[in-house]
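In what follows, a structure is listed as structure tokens, so that the remarks can point back to it.
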Amino acid sequence: MLQKALFWFTDDLRLQDNLPLSALCQNYADIAFVYVINPADFTPHNYQHKAIGQHRFRCIYQSLQDLNQQLNALGHSLIILHGDPSREILQFVQHNDIACIARSEPIGVYEQRSWQHIKSLLSQLQENNSAPVEFISCWNHTLFDADQIDINPKTMRSFSSFRKHVEGDEIAVNMPSASLELLPQLQTSSTNVSNTGVSLEKLAEQYLSQPLKQAFIRGGEQSAKEHVTEYFASTAPSSYKQTRNRLDGWDSSTKFSPFLALGNISPRQIWQQLKDYENINGANESTYWIGFELLWREYFQWAALEQQAQLFAFKGLAKQKPKTSFYPERFKKWCEGNTPYPLVNACMKELEATGFMSNRGRQIVASCLVHELAIDWRFGAAYFQQQLIDYDVASNWGNWQYIAGVGKDPRGGRQFNINKQTALHDAKGEFIAKWHGHTQHALPLDSVDYVDWPVKVEE
Ligand SMILES: Cc1cc2nc3c(=O)[nH]c(=O)nc-3n(C[C@H](O)[C@H](O)[C@H](O)COP(=O)(O)OP(=O)(O)OC[C@H]3O[C@@H](n4cnc5c(N)ncnc54)[C@H](O)[C@@H]3O)c2cc1C
């Protein structure tokens, strides 16, 4: 009898260039393809916010539909489980005599712990009875493999030292592998498992409560391929450096981030297309800069691995806690786009409506939360986690720490002058007008005024 294996999809919602999937397909023909939806992600327990908001879940849902269609064409289907991921995977393995589990290696510390927990529980069970379960996991979310990068305090001290390490030592990006080509072998032996999971459509009904206002992108591997191909077929890459800081415009930056975060496409696939573009059209400062930004992403990934739980700590890597607090009213106004700063309001309203915000917008609103409103940065990071379609644990919390001055930044925090940024990036006020950044209710910022402050009682 064929041994059964399980492929656990996480932030790698694709069939192409999926390294653990390729590795699994080389050794197993009877594979169950599984994705777990965790109900806890939809309850507000992350600094009062949900881990997954409407926009991102819609993109995840579309990616899962796309995966299922691709698997169906090959004689398979995607099994959706609903519950705590560790418990669901453990039960599935035990009930279906799974001989091997494969997945992408997680970058986030809590996902790592959960993966370790599963491995150790299954190893304990094996000691008592059945044959050992095999585990396959590889780095699948990065340009490089862990053994290519020298993760030590010197190389990871700053982005510049990391980039010099990568460029100076000429560390090569591995070319994409072809997972999909390995899958057709499986057509004859669709997996026979006792648990066929729950209906994705029913879960979508349950968790997608708000009607779609504005779709920024459509999630899924096919959509990612089309977008990246279209981008590199245009002339936009050759002027990226001049346009990348704009607040608006589809072509002003690559818009690769949602697809990278969902794992609809791998950074290696994008890197290869960038090199192909340079070979055909010529390399210039702009095409170099796209690679440079992908290296920023890469740096944050390995830095998150190095920092572990410190990535989420108020003090981060700093010696002292930031001088911020938590003002619920200010925070609410910031989230709703109802602050005294029209540019900040416009960016926050765009985020609420689309799940996306430009890089410059993110820097400005994050700086405003930390420096103007003096609010604990972790609330801002958690709100971004809920709202962003491109939420990525390493890039989000790493960038927030950077702005708050508690991250890997030798120069301390970043404060953006909002008036100056408005004059530079929205001189005619078009972006502010588009997103209704001028509000009437912004002031006063706090409803407590001086008469409400406790009076010092003379003794
Ligand atoms: C406070 C804050 C929070 C952020 N949270 C996220 C997040 O959750 N997920 C996310 O992908 N990016 C995050 N970023 C980084 C950046 O804003 C987005 O990657 C970028 O705006 C996405 O648009 P794009 O794909 O058009 O980027 P482009 O300008 O076209 O850049 C190309 C690619 O390079 C990478 N990149 C560019 N800038 C950065 C950066 N500063 N840090 C890491 N990677 C970068 C992205 O993968 C991006 O797709 C955050 C930035 C800030 C300041």
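The values are calculated or read from the model by the stated rules, or taken from the named source; none is laboratory data. Since this is a predicted model, take the numbers as computed values, not measurements. Please note: Cβ atoms are built from the backbone with ideal geometry, for glycine as well, and neighbour counts cover all protein chains shown.
Output the number of residues of segment 210-224 satisfying the condition of being crowded, with 20+ Cβ neighbours inside 10 Å and either modelled with pLDDT of 95 or more or away from the ligand (no atom under 11 Å from the Cβ) (or both).
Residues meeting the conditions: 5.
Taking the condition of being away from the ligand (no atom under 16 Å from the Cβ) and surrounded by 20 or more Cβ atoms within 10 Å (Cβ to Cβ), how many residues in segment 313-329 meet it?
Of the residues in segment 313-329, 0 are away from the ligand (no atom under 16 Å from the Cβ) and surrounded by 20 or more Cβ atoms within 10 Å (Cβ to Cβ).
Going by the conditions given, is residue 301 part of a helix (DSSP H, G or I), surrounded by 16 or more Cβ atoms within 10 Å (Cβ to Cβ), near the ligand (Cβ under 10 Å from one of its atoms) and of a type in the set (S, T, N, Q)?
Considered against the rule, which asks whether it is part of a helix (DSSP H, G or I), surrounded by 16 or more Cβ atoms within 10 Å (Cβ to Cβ), near the ligand (Cβ under 10 Å from one of its atoms) and of a type in the set (S, T, N, Q), residue 301 comes out as yes.
Can you work out which of the residues in segment 395-421 that are assigned to a helix (DSSP H, G or I) and farther than 16 Å from residue 377 by Cβ is farthest from the ligand (Cβ to nearest atom)?
419
Go through segment 397-410 and count every residue that is surrounded by fewer than 23 Cβ atoms within 10 Å (Cβ to Cβ) and at pLDDT 95 or above.
Residues that pass the stated criteria total 1.
Here is a list: 131, 146, 102. Which entry is closer than 23 Å to residue 17 by Cβ and exposed (fewer than 14 other Cβ atoms within 10 Å of the Cβ)?
Checking each option against the conditions leaves just 146.
Just checking, which of 231, 207 is more than 16 Å from the ligand (Cβ to nearest atom) and of a type in the set (Phe, Trp, Tyr)?
After applying the criteria, what remains is 207.
Return yes or no: is residue 278 more than 29 Å from residue 15 (Cβ to Cβ), modelled with pLDDT of 95 or more, acidic (Asp, Glu) and out of contact with any Leu (no Cβ under 7 Å at 6 or more places or on another chain)?
no
Where the second residue is part of a loop (DSSP other than H, G, I, E, B) and not charged (D, E, K, R) and the first is within 17 Å of residue 261 (Cα to Cα) and assigned by TED's automatic domain parsing to the domain that holds residue 243 and lies in segment 276-296, which pairs have Cβ atoms under 7 Å and are six or more apart or on separate chains?
290/254; 294/143
What are the residues in segment 225-266 that are crowded, with 17+ Cβ neighbours inside 10 Å, under 18 Å from residue 389 (Cα atoms) and among the hydrophobic types (A, V, I, L, M, F, W, C), if any?
228, 247, 256, 259, 260, 261, 262, 265
Return the residues of segment 250-273 that are near the ligand (Cβ under 10 Å from one of its atoms) and over 16 Å from residue 141 (Cβ atoms); say none if nothing qualifies.
Those that are near the ligand (Cβ under 10 Å from one of its atoms) and over 16 Å from residue 141 (Cβ atoms): 250, 251, 252, 253, 254, 255.
Considering only residues that are farther than 22 Å from residue 96 by Cβ and buried (at least 22 other Cβ atoms within 10 Å of the Cβ), which ones fall in segment 61-81?
Within segment 61-81, 63, 66 meet the criteria.
Out of the residues in segment 224-265 that are touching a Lys or Arg at 6+ places or on another chain (Cβ under 7 Å) and of a type in the set (S, T, N, Q), state the one that is farthest from residue 62 (Cα to Cα).
245
What about residue 168, is it over 30 Å from residue 408 (Cβ atoms), modelled with pLDDT of 85 or more and either loosely packed, with under 11 Cβ neighbours inside 10 Å or touching a Ser or Thr at 6+ places or on another chain (Cβ under 6 Å) (or both)?
So residue 168 fails the test.
Among the listed residues 41, 11, identify the single one that is under 26 Å from residue 391 (Cα atoms) and assigned to a loop (DSSP other than H, G, I, E, B).
11
Rundown of residues vs (1) away from the ligand (no atom under 11 Å from the Cβ); (2) touching a residue at least 60 places away in the same chain (Cβ under 8 Å), yes/no style:
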position: 358; (1), (2): no, yes
position: 366; (1), (2): no, no
position: 372; (1), (2): yes, no
position: 375; (1), (2): yes, no
position: 384; (1), (2): no, no
